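Read through the structure below, which is laid out as structure tokens, and then see the notes.
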């Protein structure tokens, strides 16, 4: 049985992660991961067909920090604001003391000279661990319902 405090802590991690992306606080976004944490973005089609292909892969804190630096310095051509709508996570006990959570989301983007638009839909499949009294992502797999992401996928989803 998972305690209500644990459920609240896991839900808070998932919501903070979305808030950090929306607010542009990407260092805080990376801080949601455990030191060896893994972040993957793939499509529903790849998952359904059992294919290993991913659109983005960051394995470990150095790669997560590198992604943050890339966005700050090189990804200046797609100026936009993100806004996540995140569902309630379905949480279960996983292996080795980790918790598993599946959460639906919708991500909208707004650009200065365009109307807001739905960017992508999907779900997060998370493996979450307790590190120093705080919940962190051991692994986050973002599964996009759409097979393509336009215009570009540079920011975390």
Is it true that residue 40 is part of a helix (DSSP H, G or I), within 30 Å of residue 114 (Cα to Cα) and touching a strand residue (DSSP E or B) at 6+ places or on another chain (Cβ under 7 Å)? no
Going residue by residue through region 63-78, is there one that turns out to be part of a helix (DSSP H, G or I), at pLDDT 85 or above and more than 21 Å from residue 24 (Cα to Cα)? no
Residue list for region 1-30, restricted to those being part of a loop (DSSP other than H, G, I, E, B) and touching a residue at least 60 places away in the same chain (Cβ under 8 Å): 2
Considering only region 38-47, I want to know if a residue exists there that is surrounded by fewer than 17 Cβ atoms within 10 Å (Cβ to Cβ) and closer than 23 Å to residue 111 by Cβ. no
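The values are calculated or read from the model by the stated rules, or taken from the named source; none is laboratory data. Only a predicted model underlies this, so the values are computations on that prediction, with no experimental measurement involved. All Cβ positions, glycine included, derive from the backbone under ideal geometry; neighbour counts span all protein chains shown.
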